[in-house]
1. Would you pick out the residues in the range A:2-35 that are at negative phi, assigned to a loop (DSSP other than H, G, I, E, B) and crowded, with 18+ Cβ neighbours inside 10 Å?
2. Restricted to the range A:262-291, and to residues that are surrounded by fewer than 18 Cβ atoms within 10 Å (Cβ to Cβ) and within 20 Å of A:Gly135 (Cα to Cα), which residue is farthest from the other protein chains (Cβ to nearest Cβ)?
3. Among what's in the range C:139-184 and is in a loop (DSSP other than H, G, I, E, B) and over 15 Å from the mean Cα position of the chain (by Cα), pick the residue that is farthest from the other protein chains (Cβ to nearest Cβ).
4. If I go through the range B:189-211 residue by residue, how many of them are within 11 Å of chain A (Cβ to nearest Cβ) and crowded, with 19+ Cβ neighbours inside 10 Å?
5. Would you be able to say whether some residue in the range B:276-296 is polar (S, T, N, Q), touching a strand residue (DSSP E or B) at 6+ places or on another chain (Cβ under 6 Å), modelled with pLDDT of 95 or more and part of a strand (DSSP E or B)?
6. Taking C:Thr305, is it surrounded by fewer than 24 Cβ atoms within 10 Å (Cβ to Cβ), more than 24 Å from D:Met237 (Cβ to Cβ) and not hydrophobic (A, V, I, L, M, F, W, C)?
7. Mind telling me which of the residues C:Lys177, C:Lys170 ends up being outside the structural domain of C:Tyr11 (by TED's automatic domain parsing) and within 23 Å of D:Met200 (Cα to Cα)?
8. Hand me the list of helices (runs of 4 or more DSSP H) wholly inside the range D:185-271 holding 2 or more residues that are assigned by TED's automatic domain parsing to the domain that holds D:Asp168 and under 20 Å from C:Pro236 (Cα atoms).
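The values are calculated or read from the model by the stated rules, or taken from the named source; none is laboratory data. Please read all numbers here as calculations on a predicted model, not as lab measurements. Note: ideal-geometry Cβ built from the backbone for every residue, glycine included; neighbour counts use all protein chains shown.
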Number of protein chains: 4
Amino acid sequence: MRVAIVGATGYGGIELIRLLRQHRHVTEVSVFSSTQAEAPLTSTYPHLQEVYKGILQPLDTKRLANEYDVVFLSAPPGVAANLAGDLLEGSAAIVDLSGDLRIKDASVYEAWYGQEAADATITRQAVYGLSEWNGEKVSKAKIVANPGCYPTAILLGLAPAVKNNGIDMKSVIIDAKTGTTGAGKNPSATTHFSEMNESMKIYKVNEHKHTPEIEQQLSDWNEEAGAVTFTPHLVPMSRGIMATMYATCTSDSSAQEWIEVYKAAYEGHPFVRVRENGFPATKEVYGSNYCDIFLDYDARTNRLTIVSVIDNLVKGAAGQAIQNANLMNGFEAAEGLELFPIYP
Amino acid sequence: MRVAIVGATGYGGIELIRLLRQHRHVTEVSVFSSTQAEAPLTSTYPHLQEVYKGILQPLDTKRLANEYDVVFLSAPPGVAANLAGDLLEGSAAIVDLSGDLRIKDASVYEAWYGQEAADATITRQAVYGLSEWNGEKVSKAKIVANPGCYPTAILLGLAPAVKNNGIDMKSVIIDAKTGTTGAGKNPSATTHFSEMNESMKIYKVNEHKHTPEIEQQLSDWNEEAGAVTFTPHLVPMSRGIMATMYATCTSDSSAQEWIEVYKAAYEGHPFVRVRENGFPATKEVYGSNYCDIFLDYDARTNRLTIVSVIDNLVKGAAGQAIQNANLMNGFEAAEGLELFPIYP
Amino acid sequence: MRVAIVGATGYGGIELIRLLRQHRHVTEVSVFSSTQAEAPLTSTYPHLQEVYKGILQPLDTKRLANEYDVVFLSAPPGVAANLAGDLLEGSAAIVDLSGDLRIKDASVYEAWYGQEAADATITRQAVYGLSEWNGEKVSKAKIVANPGCYPTAILLGLAPAVKNNGIDMKSVIIDAKTGTTGAGKNPSATTHFSEMNESMKIYKVNEHKHTPEIEQQLSDWNEEAGAVTFTPHLVPMSRGIMATMYATCTSDSSAQEWIEVYKAAYEGHPFVRVRENGFPATKEVYGSNYCDIFLDYDARTNRLTIVSVIDNLVKGAAGQAIQNANLMNGFEAAEGLELFPIYP
Amino acid sequence: MRVAIVGATGYGGIELIRLLRQHRHVTEVSVFSSTQAEAPLTSTYPHLQEVYKGILQPLDTKRLANEYDVVFLSAPPGVAANLAGDLLEGSAAIVDLSGDLRIKDASVYEAWYGQEAADATITRQAVYGLSEWNGEKVSKAKIVANPGCYPTAILLGLAPAVKNNGIDMKSVIIDAKTGTTGAGKNPSATTHFSEMNESMKIYKVNEHKHTPEIEQQLSDWNEEAGAVTFTPHLVPMSRGIMATMYATCTSDSSAQEWIEVYKAAYEGHPFVRVRENGFPATKEVYGSNYCDIFLDYDARTNRLTIVSVIDNLVKGAAGQAIQNANLMNGFEAAEGLELFPIYP
């Protein structure tokens, strides 16, 4: 499998490089950048010295489309919307890690993103790459919209309950917490160490762009799904997402029943672990492609609490992208992704 | 004001010492310990060298009850339940920072705490010291049960909405996050740096002892109050609590309306700041007695989101205890507590 | 004492505001900014809501020079060099927190700073404000160059040994570690949370601008002083400096002898604590004006190890600046600076 | 290769398990514990759910000695000293990660460790496993004493200069900084999150047990080597060691010359990277077996500064142990260790 990465200087890009190193079918990983072409990637990332010798190459859509088996678009917003049309004319499978192609309804996209939507002929083709649930479509897709980091944790956490009709869809509340790498490589006041350290912040209350992505998928699964409450928080750590989700059950239940529902739902999906021991922590999936799910039911309130944790750069970005590329190329979903969590 | 601290070697104890240093009416701060008597406090806490010269004294209930104006009980569970009876026979005002005396209903206490409740004659006398709302009772009290750290942030955040009948009491969900000092000074696996650092944990889902404390106060305020969902999380920081609270409104509303309701409610209460600029962060109240409250309303879901942040050791413990002691002794509530947040 | 702060939006500026709140002789604190005039300081720093209502005023040298008792220059490099001449014509005492006025020899300044030195008539007047050692000169000064954060910790740590002729001046090696606030408020790749967190960095090896400042003061104290080795490191914490210093002793010695020398040297200086219990940690001086010094002597190598810790924003910047302003205005050195360390 | 790990519940143990997962020649990894036998390792470490199903087995020296190709002793002090004699009678290669077998001179061991030394017949056989320098001896060894975490970083950093006779051996000063995992899994006051976070600590000044280990190896390399100054510090991060080392050069030199010396020395050793870009940071080797070395020379003081960084649990423990086991079993040194640093 020959692989190209567009936007390799971002965190998604270097995480792809790290993980592809473990992939037995990858013969080449080339890196492309519209802004830093000709520089070795090690001038941005000294940790790659001697382990990755790639030079950033200027974008060449024709080469990308035809000389590679997979093109990962790990570039800023707008790049995928611009490039995808041309890339689709070639032979490469395309996995886009940006938010450009995830929303099917252009007006919804524009309302939440505040910018023009990608061409509908492209978004229509793009399969939403939540592999555990859309794996069959992904395996036939030419282009995949890789899910956002929050939606990955949230949708994997909600799916069995939502599809099972066991919860009141109007009651869904999602309180999510992320490490700072979700905000990307560019320094900002929000992610300045001096102020982010020893502090916890809430942000974009009721206005985060991942909201319509979550709602779109929930509606696909359950026709009663509507608006959800989704609140993101920043936690002083680099990696990790924890999503704590609340929903009222449609009938009396128990934690054990829910655990059985979830275990059945994720049977055969190695990257989702329904937790058996203890309360989960983000460090327990650090550096790995796992999504751990914990469930509890409170009879006093008839409410289900679902907790899911992922590494936002792996299962929430590069890992899931490779999982999708595997399916698109006929490999095992887990190929190259069998790394253990690095703990502690 | 002569002050005694029982249990001065804990984090609540040394925070009392730090804050009382600023108090213009305090003439003496003595420290007591049942386990480490005769040692200078500096052998436990070298940061006090030259600034606090007190020697830990053995417990002597009679002296405590009669030679001091205020006795702060900052000791492990059970100590207050044992000592309070004798202390009440003396002249000192008593402020207990433990959970021993907060719950009025012994059976509720025993169900959540798993141990015997304090004598009812004592818990009946103990005024729940949420100063902003119970200030008048506190000022006449002989003994005050200082609120828990979580309940302080949560109840200050919910009070105006709950008393205003503007929210459906059955819909209240509280997702709270704390720094590790809430877990106290004793080392444990949970708060071991190597595993807590760069990690976020959820714990005691639907079983945290602060739940009945929250529910008891909500019921006092609103007869429709019942069970709430309260979920605590540990965040890799030493100080700070952020409580994110969700409730469905009883009618259409707006963020601005709610802000006005809250501003009116906290008029004249200097330590509660209804936020005007930006989303709150725990660091913005670090080391101070402030509780910052942020409000948002989502018309799509008709849901109110309330966020409150405090320093768990100050407003959530020692600061609020001093605020209560001030009221009990006829001083301004803010005396000794006017420190700015230390930022960044 | 009427106080003006130029450059109040930086970390040094808001730390001055925090500390001046405790100062009994300060009647006014006004804030000035060349770039953000007319904005309330709370739009930059929401943590000041309701506690500091100052509006940033445009720079007006004449007003600054004449309407205030003290002007703190807490502005970027170059501002003090430009303003100081005009300010010196007024009546205000001036304390500059930048590096503009610390180096007496213009050629040395230009070699290390890579830019033009301030006018020699100004640098000549500027007294180096290491209060514990230059207090008398400071008390008579019209303008003070407040020491850099690293030099404060290092020079307080070295002074008694250097003045005592007890160490070989050629053997001095300084290995210093700082939190990130030393790098200021502007976000950068180096202080981006995602990369600074869970990492330790070394930087500017043999080329840090504080080197000549340290050497200049050592030469004043001991004519055998020459070049020293000074290595700065960045540690994943917001506040705090630890300087570990090594020197070969001129004769056999013992830790206890050195401790006596240091205790004698700092007798009567409340902010320097020669440590009695345990190894020091930066948190033990957090938020305070203390400099803690620990000493050990190794007979095997005949080497003295000196460790000093400060809060870089307090003793290393705003606290020491207030200490200097106190001396210039005839107040007790400690006025407004008696805050305990905030621990933990 | 059949592998047994004694003491698998410690950090060294689970890091061995993580890394051995990548090893193409490992067919079995069994875990042993004297204290927790019969429990699945997942009850201690939930992050291993579904990825490692091993059950802790009671110690059985005979089985260990004969049924495995390699036995890693990752147990507390004293265990290796007790077990090694019996294990040596079997066929397994033994790699001990504790400090029991590193010091050849029993009196030196006893002076620094304060306990009885292991039997001399064992320590005599134990090869000091600094693979890059002792690789040939290691490949013929039956038992290897795996170097301590600090000595690994320090000795790799010093070796070329020491062997080259380019530095004054009496001038060597080592200022080292570690993350907290070096202190192991047991919670303690020192590594309590609330106090370790946002703080930097110095400890065991002139008395750390790794001192004689460093000196012993330096003496093997250079007969002028004697006592060195070695100062350890704790930094608020979980993983990583940075050692900053200072030495006076025996003649005028330049950074570039030293870089050439080091590059030549480590030619063919894939895990030591002489840095080409930028100052090093511990995160740049996180989770990997690399040791990055940076060099600078200061003509003003004629001093060489050497900085080396490692991940203390990988190159400083489990990674190096596997590297040694590879050599002992005739595999490539790098087998199973080719993981990239995880960044950021």
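1. A:Ala8, A:Thr9, A:Gly10, A:His23, A:Val26, A:Ser33
2. Checking each candidate, the answer is A:Ala264.
3. Here the residue is C:Lys142.
4. The qualifying residues number 13.
5. No: zero hits.
6. No: the conditions fail for C:Thr305.
7. Details: C:Lys170 fails: within 23 Å of D:Met200 (Cα to Cα).
Unique residue meeting the criteria: C:Lys177.
8. Because the criterion is at least 2 residues that are assigned by TED's automatic domain parsing to the domain that holds D:Asp168 and under 20 Å from C:Pro236 (Cα atoms), the helices (runs of 4 or more DSSP H) in the range D:185-271 that meet it are D:193-196.
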